[in-house]
1. Give me the net charge of L79's neighbourhood, meaning all other residues with Cβ under 15 Å from the Cβ of L79; Lys, Arg count +1, Asp, Glu -1.
2. Please give me the summed charge of the neighbours of Y190: other residues whose Cβ is under 12 Å from its Cβ, Lys and Arg +1, Asp and Glu -1.
3. Determine the dipole magnitude for the range 46-164: charges of +1 sit on the beta-carbon of Lys and Arg, -1 on that of Asp and Glu, nothing else is charged, the reference point is the Cα centre, and the result goes in debye to the nearest 20.
4. Taking the Cβ of each residue in C112, C216 as the centre, tally the other Cβ atoms inside 10 Å and list the residues starting with the fewest.
5. Give me the net charge of C58's neighbourhood, meaning all other residues with Cβ under 12 Å from the Cβ of C58; Lys, Arg count +1, Asp, Glu -1.
6. With a Förster radius of 25 Å, plug the Cβ-Cβ distance of W165 and A214 into 1/(1 + (r/R0)^6) and report the FRET value to the nearest 0.05.
7. May I ask you to compute the full-extension gain from F285 to V43, defined as 0.36 nm times their residue separation minus their alpha-carbon distance, rounded to one decimal in nm?
8. Taking 0.36 nm per residue of sequence separation and subtracting the Cα-Cα distance, how much length would be gained by fully extending the chain between V95 and F228, in nm to one decimal?
Amino acid sequence: MKTLKPYFEMSKMRIVTMVLVTTSIGYFLGGRDTVGSGWLVWVLTLLGTGMAAAGAACLNNYLERDLDARMLRTRRRALPAGDIDPGSALMYGIVMVLGGVTLLVWQVNLLCGFLVLLTAFLYVLVYTPMKRWTWLNTSIGAIPGALPPVSGWAAASGQLDPGAWVLFAILFAWQHPHFYAIAWMYRDDYKEAGFRMLPVIDPSGERLFRHILAHCAVLIVVAALPTFIGMTGWIYFFGAFLAGLMMLEVGIRLWRTHNMTDARRVLRASVYYLPFLLVMIALDFVW
C-alpha cells in the first residue's frame, strides 16, 4: 500500500472527485428518460472518466515536477520529493488516460470517449504549458475543466443537446472564482515558480478581484438557464440562485479585505457549490 501512495497523490483525488461529481450532473440531466435503466453505464462512465482524470493529473505532475520543487506547497509531492521515478509516473499517466478512454469507447460510446480524451489533451498539453506564458491560462484551463458534464451528457444520451452546453457554461464560469482564490492564496509560490498567474502580473489584486466578481455574477445567470430550458424545476432554480448569491457575497468580501481568510472563504464556497447543485437536481428528480 505504501508503494501505491505516491500514485494516489499524483492522481489528485480531490480533483478527480470533483470531475466525477460534474460528470454525474451531466449524465443524470442528459439521460433523464433512461437513467433508471442506465446505472451500469453510469458506473462505467465514472470509472473510465476517473481513470483518465487521474492519468491527466499525473501527467501534469510529471511536466511540472521541476517547477513544483520551487514552491513550498508542492515541493513535497511525490516527484519533486523523489518518492517515485519520473519515467514510472509518465507511464502510469499515459496508461491511465488511454485505459480510461478505451473503456469509455468500448463500453459507453465513442462521443464520450472522444470528449474525455479531448479534456485530457487540453489539460496536459495546452493548459499546463500556458501557465508559464500568460495569465489567460485560467480561462483556457477552464475549458477542459468544463467538459466533464458534457461528456457525462454524451454518455447518457449519445449526443450533445443545448443543455450540455449550458452545463459547460456553468462550469466555465464557476472555475474562475475557484481558481482565482487559489491563485491569490499562493501568489508568492506561483511567482517563485515562474507561473504567469493574474496576481503575479498584477500584485495589487484589483484585476483578479474584478474577475472574481464578474464571474460570480455571470454564474448566477447561467446557473438559472437549466430551469428556463426545461432541464430542471424551480427547486433547483431557487437553490442555484441562493448558492450564486452566496458566491457573490464572499467574492465581494474578498474584494473589500484582500485577506487570506476571505480568499479561503471563496474557495470553500466554490467547493460546496457544485455538490449543492447536484443535491438540488436530485430533489428535482424526486419531486
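What follows is calculated from the coordinates using simple rules that are stated; it is not laboratory data. Predicted model only: the values in this text are computed from it and were never measured. Note that each Cβ is placed from the backbone with ideal geometry, even for glycine, and that neighbours are counted across all protein chains shown.
1. On the way: positive: K5, K12, R65, R70, R73, R75, R76, R77; negative: E9, E64, D66, D68, D83, D85.
Taking every other residue near L79 into account, the sum is +2.
2. On the way: positive: R70, R73, K131, R132, R187, K191, R196; negative: E64, D68, D188, D189, E192.
Result for the neighbourhood of Y190: +2.
3. On the way: 8 positive and 6 negative charges, 85 e Å.
Using Cβ point charges on Lys, Arg, Asp and Glu, the range 46-164 gives about 400 debye.
4. Details: C112 30, C216 25.
Fewest-to-most Cβ neighbours within 10 Å comes out as C216, C112.
5. Values: positive: K12, R65, R77; negative: E9, E64.
Around C58, the charge tally is +1.
6. Working: r = 20 Å, r/R0 = 0.81.
Efficiency at R0 = 25 Å is approximately 0.80.
7. Working: separation 242, 0.36 × 242 = 87.12 nm, distance 1.90 nm.
Extra length available between F285 and V43 comes to 85.2 nm.
8. Numbers: separation 133, 0.36 × 133 = 47.88 nm, distance 4.16 nm.
In short, 43.7 nm is gained.
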